[in-house]
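One structure is given here, and the rest of the page talks about it.
The values are calculated or read from the model by the stated rules, or taken from the named source; none is laboratory data. These numbers come from a predicted model, not from an experiment. Counting neighbours? That spans all protein chains shown, and the Cβs are built from the backbone with ideal geometry, glycine included.
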Amino acid sequence: MINWIRWGLALAALLAAVNAGWQRYQEQVAPIALSAYAQQSAGTQVRLLGRVSGGSLKAEAGALLFVLDIDGQKVPVRYTGKDGDSVRELKTMLVGGKRQADGSLAADFVGINPKYGYVAAGFGLVLCVLLLRTLTLELKLRKLEREVA
Amino acid sequence: MFNQLFKLAQRLAPLIGLAAWLLLAAGLYWSLVKAPADYYQGEVARLMNLHVPLAKTSLLAYSVAFIASIVYLWKRAPLADQIAHAAMAVGIVFTACTLMSGSIWGKPTWNAWWTWDARLVSFAVMFLMMAGYLMLRTYVEDPERQARFAAVLALVGFIDLPVIHLSVRWWRTLHQPASFKGAGKIAIAPEMLTSLALMAAGMMTLFVYLTLLYTRRLQLQAQLEQKQRQQLMEFAQ
């Protein structure tokens, strides 16, 4: 019974942490698909992942103008936030901002491609290995204790 | 004295195990939710909260095995040999996880799953030393000789640990240099340090828990073998 409570507590805590991580990813990192972007009303906060088109990057007073290429579809972007020096042509970037009525994006955030799959794979794989090792060792020990007794 | 302390630790093992997983859950929450993404590496840098504590725990495992092996060769105490064996058996899991997590981080960052870098190779050598140690223990049948040979191998393999630590200073490597350079010289933002500390505490507590379990397993196996030998002798008489 105590073992069940112990394992229940540990698994519940891990699942709660994983769920919180997943929620943060959905709210702060995950980009939306272009088809979903087209359906958003003007002024909606969105994130898009795409490549900065070659030859499209231009600096204007207090803003960077570039075109984001998402699977061959073009989205014009006007970026007015910080750290604009990280924007490079042909670089895949995560761009966040408000959708405009003409379909362009008024961006206030740029970040590098999050590649979150690697983060999920790393944490998932290692925690599964450690959980399995703990479980198999505990089961083996219980079996041995029964045999010795 | 040490035997009594160890027995007490074994009795407290279930609590230690629970504490380990709760610390890991807190570390996981901090790593995935609270810690900010890195300016250069982005979200992928979160894997450092996993990889670095795993690496530190692997080094701790080998160090425990090294100290226990010295104690065994000096005092010939079976418990020291069992602790060394357990630390290696548990440590190899952490070492394999270190190599795995490093590889998963390396692909999006260096665009390579593996590279023949001094730090990576010296760490892989430690994994092979641990595998060799565990294989040696299965090849030698006489328990006393097995323990002695294994202890000597653990001592010889310890040479690799300073090489791992200093490899990023001795050679120009792709692997970044150490971020901890003594007290007051930590090249990590404080908000990132909390997640790293929680994960490190969780991993090391889990190592202690698994080592206690494995040592108990070795003790029970020895008892069982003795019991079977007695039964066989009684049957023969």
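Annotations for the structure displayed:
- Among the residues of the range A:88-103, just one is of a type in the set (Gly, Ala, Ser), buried (at least 18 other Cβ atoms within 10 Å of the Cβ) and away from chain B (no Cβ under 13 Å), namely A:97.
- Residues located in the range A:6-55, provided they are in a helix (DSSP H, G or I) and among the charged types (D, E, K, R): A:6, A:24, A:27
- Residue that is farthest from residue B:70 (Cα to Cα), among those in the range B:133-156 that are modelled with pLDDT of 95 or more and of a type in the set (Phe, Trp, Tyr): B:133
- Residue pairs meeting the criteria (Cβ under 8 Å; at least 6 apart or on separate chains; first more than 10 Å from chain A (Cβ to nearest Cβ), in the range B:1-26; second of a type in the set (Lys, Arg)): B:10/B:216
- Residue tally, condition within 14 Å of another protein chain (Cβ to nearest Cβ) and among the polar types (S, T, N, Q), over the range A:51-87: 1
- Residue that is farthest from residue B:47 (Cα to Cα) [pool: residues in the range A:110-149 that are without any contact (Cβ under 8 Å) to a residue 40 or more places away in the chain and not in a helix (DSSP H, G or I)]: A:149
- Pairs meeting the criteria (first residue in the range A:90-108 and outside the structural domain of residue A:79 (by TED's automatic domain parsing), second residue surrounded by 15 or more Cβ atoms within 10 Å (Cβ to Cβ), beta carbons under 6 Å, at least 6 apart or on different chains) are lacking.
- Residue match in the range B:170-182 (condition: assigned to a helix (DSSP H, G or I), in contact with a Phe, Trp or Tyr (Cβ under 9 Å, 6 or more places away or on another chain) and either within 14 Å of another protein chain (Cβ to nearest Cβ) or not basic (Lys, Arg) (or both)): no
- Each residue in the range B:136-151 was checked for being within 19 Å of the chain's Cα centre (by Cα) and either surrounded by fewer than 14 Cβ atoms within 10 Å (Cβ to Cβ) or free of Cβ contacts under 8 Å to residues at least 24 places away in the same chain (or both), and 1 of them qualify.
- Taking the range B:29-58 as the range and being assigned to a helix (DSSP H, G or I), surrounded by fewer than 20 Cβ atoms within 10 Å (Cβ to Cβ) and out of contact with any Lys or Arg (no Cβ under 6 Å at 6 or more places or on another chain) as the test, the residues that pass are B:34, B:45, B:56.
- Any hit, the range A:56-69, residues being under 30 Å from residue B:99 (Cα atoms) and either outside the structural domain of residue A:15 (by TED's automatic domain parsing) or more than 23 Å from the chain's Cα centre (by Cα) (or both): no
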